[in-house]
Amino acid sequence: MDELKEVSKVKHWILEKYFPAWARILGQYKRLVYVDCFAGAGKYTENEPGSPLIILRLASKLVKENKIQGINLIFIEKDKISAEQLNNNLLSEYDGNDKIKFNVNHEDAKNLVGLLSQLIPPKLSTFFFVDPYGYPISFPVIRRILKNLKSEVFLNLMWYRINMDFENPKAIESVNKMFGHSNWQKHPFMKTHSVKREKLFLEYVKAEIDSKFAPDFKIKFSPDEGKGILSSKRKCTT
Ligand SMILES: C[S@@+](CC[C@H](N)C(=O)[O-])C[C@H]1O[C@@H](n2cnc3c(N)ncnc32)[C@H](O)[C@@H]1O
C-alpha cells in the first residue's frame, strides 16, 4: 500500500466535486460508465480511500438518492497484487445494489482503454479518470473518446516528469507513444525552456486531443513528488 501524498489529496478533492456534477446531469435517464484507468489498490496506508472507493461511495449515494439510473464501474490496474487488493477493498464496501456493477481488470490500461473506447456504446456517457505515475494513455485514444460529446476525460498530466524526458534519448519512444507520432519534436514548446514551455505544451495537448473546453487545474505544491499539472478535460454537452 502507498502513502497518500498531498498531490493525490487535491486530485481526489477535484474528483469528488466534479464526478457527481457530471453524473447528475447525464445519469438521470441512462446508465453511466466510469473507467478508472490507473486505479491503484483502493486504499492508502492510513486506510484513506483511493479513487475507486471514492467513486463507489459517491455512486452508491447518487443511486440511493435516485439521482442516477445506474452505473458500471470499470477499474484497470496493471499490478497484480494491487488489483487483488482493489477487488477485496471494493467487495468489502459494495452494498449489493444491482444498479451499480463493477469489475477489476488486471490489465495494461494503455492497451485496454483503446479497446474499451470502441466497445462502449456511444449512447452511454462515460467518464475516464486517467491518473498515471508517468505517461497517460495515448492522446489519439483520448481524442477518440472525446468524439463522443457526452464523454469526459479527467487527465492528470505529470508535467515535471514528462518535461524531464523531452531531451532524454532513452525516453523519446515513451513520448512518441503518448503523442502517437514524433511531430512534437518540432513543436515550438521544444524551443524554449522558460515557463512558456509548459503553457505551449498544454495548448498543444489540448489541440491533439481536440479539446473544445478544457479547464486546467495546476497543482504547484508537491513537496513529495515535485511539480505537476493537473488538467481536466470537459466537453460542453449542451
Ligand atoms: C497514481 S497511482 C493511481 C492512484 C489512484 N488513481 C488513486 O487516486 O487512488 C497509478 C497506478 O497505476 C498503476 N499502473 C501503472 N501503469 C499502469 C498501466 N499501464 N495500466 C494500468 N495501471 C497501471 C500503478 O500500479 C498504480 O497503482
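Readers should treat all values here as calculations from the given coordinates under stated rules, not as data from a laboratory. Keep in mind that this is a model prediction, so the values were computed, not measured. All Cβ positions, even for glycine, are placed from backbone atoms using ideal geometry, and neighbour counts span all protein chains on display.
Quick notes on this structure:
- One Cα centroid belongs to segment 48-91, the other to segment 6-21; the line between them spans 14 Å.
- Once the Cα-Cα distance is subtracted from the 0.36 nm per residue extended length, the Lys9 to Gln69 segment shows a gain of 18.7 nm.
- Calculation over all alpha carbon pairs of segment 103-175 in 10 angstrom steps from 0 returns a P(r) of 17, 46, 28, 8, 0 percent.
- ³J(HN,Hα), Karplus 6.51/-1.76/1.60, whole Hz, each residue of segment 184-193, x for Gly, Pro: 4, 5, 9, 6, x, 4, 6, 9, 10, 10
- Stokes-Einstein D for segment 1-43, Kirkwood Rh over Cα pairs, 4 °C, 1.567 mPa s (µm²/s): 106
- All other residues whose Cβ lies under 10 angstrom from that of Ser138 are scored, Lys and Arg at +1 and Asp and Glu at -1, for a net of +3.
- Taking a sphere under 10 Å around the Cβ of Gly180 and counting the other residues whose Cβ falls inside, with K and R at +1 and D and E at -1, yields a net charge of +1.
- Computed packing ranks the peptides 197-204, 115-122, 129-136 as 129-136, 197-204, 115-122, most packed first, by mean other Cβ atoms within 10 Å.
- Taking packing as the residue-averaged number of other Cβ atoms within 10 angstrom, the listed peptides 90-100, 36-46, 205-215 run from highest to lowest as 36-46, 205-215, 90-100.
- In segment 1-119, the DSSP beta bridges split such that about 10 percent are antiparallel, to the nearest 5.
- Positive-end ranking of Leu32, Met164, Asn88 along the dipole of segment 6-233, with charges on Cβ about the Cα centre, is headed by Leu32.
- Taking the number of Cβ atoms within 10 Å of each Cβ as an exposure proxy, the fewest-first ranking of Phe179, Phe154 is Phe179, Phe154.
- Of all beta bridges that DSSP places with both ends in the chain, some 35 percent have antiparallel geometry.
- Normalising the Debye intensity of segment 6-233 to I(0), with uniform scatterers on Cα atoms only, and taking log10 at q = 0.09, 0.14 Å⁻¹ returns -0.37, -0.90.
- Dipole magnitude for the chain: about 1200 debye, using +1 per Lys or Arg Cβ and -1 per Asp or Glu Cβ, origin at the Cα centre.
- Sum of side-chain charges, Phe38 neighbourhood, beta-carbon under 13 Å (Lys, Arg +1; Asp, Glu -1): -4
- Under the Karplus curve 6.51 cos²θ - 1.76 cosθ + 1.60, θ = phi - 60°, whole-Hz ³J(HN,Hα) for segment 22-27, x wherever Gly or Pro sits: 4, 5, 4, 6, 9, x
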